[in-house]
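In what follows, a structure is listed as structure tokens, so that the remarks can point back to it.
The values are calculated or read from the model by the stated rules, or taken from the named source; none is laboratory data. Keep in mind it's a predicted model, so treat the numbers as computed, not measured. Heads up, the Cβs are rebuilt from the backbone with ideal geometry, glycines too, and the neighbour counts pull from every protein chain shown.
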Amino acid sequence: MLLLLILAVSLNAPFAQEVQQAYAQQDAEALRRLLRQADSQSDSLLARYRLYPLTEDGTLVEDLPKTLEDGSAREYALLSGLWSYRAGEASLFSAVSYGRRSANVLETAKEKDPDDPYVLLIEGQSLLFRPAIAGRDAAAAADRFERLANLVARKSDVGITPTEARVWRWLALREADRNADASVLHDSLSSDELPPLYRQFLEDPPEV
């Protein structure tokens, strides 16, 4: 009976929540299944955005559109994130071009809604990972992730959890040399029962 209840809840969960759960559990096969099931531009972009970091499958960032027709802030933000992934695996010359395209698409997303959760997430990541010459700002990234954590604490169906936002904020605080704040947040996160991806993130954070 309990198994049937869990299955029913899973089947009724919004697509974004299913994607988030698979991502946090590092379940690439579940994300591939969800990508095949995606029946909208928004769902497809989201599944690809979550799947790429787990697999680094270059086919996920091939043939990306330069822009979108009548896209939402969320869709533009996700497209920006995908262009950023593509820049990360490109040659130096192409990386500059793709990075600029990612930044331009993100600006469009911000014009549409600067407080959309995915705009805050991907803008924070951009501020954290972009080169210093292109405006890297870890303190500003920490601010975006704090705003994101507060926002998603009140919205449970967007596919971003407060834990994810807080983990990213911890990394940004550390990179901004706000070590005391970072340490307090790290201790708080470590005391929680984290999904595998976020536990690994704390133990072996990405290089920025």
Q | Condition met for Asp192 (acidic (Asp, Glu) and at pLDDT 95 or above) | A | no
Q: Kindly indicate the residue of region 104-132 that is assigned to a loop (DSSP other than H, G, I, E, B) and at pLDDT below 95 and also farthest from Gly159 (Cα to Cα) among those meeting that condition.
A: Pro131
Q) Which residues, taken from region 28-58, are without any contact (Cβ under 8 Å) to a residue 24 or more places away in the chain, over 18 Å from Tyr76 (Cβ atoms) and part of a loop (DSSP other than H, G, I, E, B)? A) Asp39, Asp57
Q: Give the residue that is surrounded by the fewest Cβ atoms within 10 Å (Cβ to Cβ), with candidates limited to residues of region 155-185 that are within 26 Å of Phe15 (Cβ to Cβ) and small (Gly, Ala, Ser).
A: Ser156
Q.
If a residue must be hydrophobic (A, V, I, L, M, F, W, C) and either within 16 Å of the chain's Cα centre (by Cα) or at pLDDT 95 or above (or both), how many such residues does region 1-32 contain?
A. 8
Q: Note down all Cβ pairs under 6 Å where the first residue falls in region 76-88 and is over 20 Å from Lys112 (Cα atoms), the second is surrounded by fewer than 24 Cβ atoms within 10 Å (Cβ to Cβ), and they're at least six residues apart or on different chains.
A: Tyr85/Tyr52; Tyr85/Val61; Arg86/Val61; Arg86/Tyr98; Ala87/Ala95; Ala87/Tyr98; Ala87/Gly99
Q: Using the structure shown, decide if Asp113 is touching a Pro at 6+ places or on another chain (Cβ under 7 Å), touching a residue at least 40 places away in the same chain (Cβ under 8 Å) and among the acidic types (Asp, Glu).
A: no
Q.
Filter region 170-208 down to the residues that are closer than 23 Å to Ala22 by Cβ, touching a helix residue (DSSP H, G or I) at 6+ places or on another chain (Cβ under 8 Å) and part of a helix (DSSP H, G or I) and list them by number.
A. Trp170, Leu171, Leu189, Pro196, Leu197, Tyr198, Phe201, Leu202
**Q.** Single residue of Leu35, Leu54 found to be surrounded by 12 or more Cβ atoms within 10 Å (Cβ to Cβ), within 14 Å of the chain's Cα centre (by Cα) and modelled with pLDDT of 95 or more
**A.** Leu54
Q) List pairs: first in region 126-145 and surrounded by 18 or more Cβ atoms within 10 Å (Cβ to Cβ), second of a type in the set (D, E, K, R) and not in a helix (DSSP H, G or I), Cβ under 6 Å, 6+ apart or cross-chain? A) Leu127/Asp137; Arg130/Arg136
Q) Based on what the data block shows, is Ser156 under 14 Å from the mean Cα position of the chain (by Cα) and among the small types (Gly, Ala, Ser)? A) no
Q: Name, by its number, the condition in (1) in contact with a helix residue (DSSP H, G or I) (Cβ under 9 Å, 6 or more places away or on another chain); (2) in a helix (DSSP H, G or I) that does not hold for Ala90.
A: (2)
Q.
Tell me the residue from Gly159, Gly99 that is under 26 Å from Glu62 (Cα atoms), outside any helix (DSSP H, G or I) and either in contact with a helix residue (DSSP H, G or I) (Cβ under 6 Å, 6 or more places away or on another chain) or not aliphatic (A, V, I, L, M) (or both), please.
A. Gly159
Q.
Conditions first: (1) more than 17 Å from Leu35 (Cβ to Cβ); (2) exposed (fewer than 12 other Cβ atoms within 10 Å of the Cβ). Thr59 passes all but one, so which condition is the exception?
A. (1)
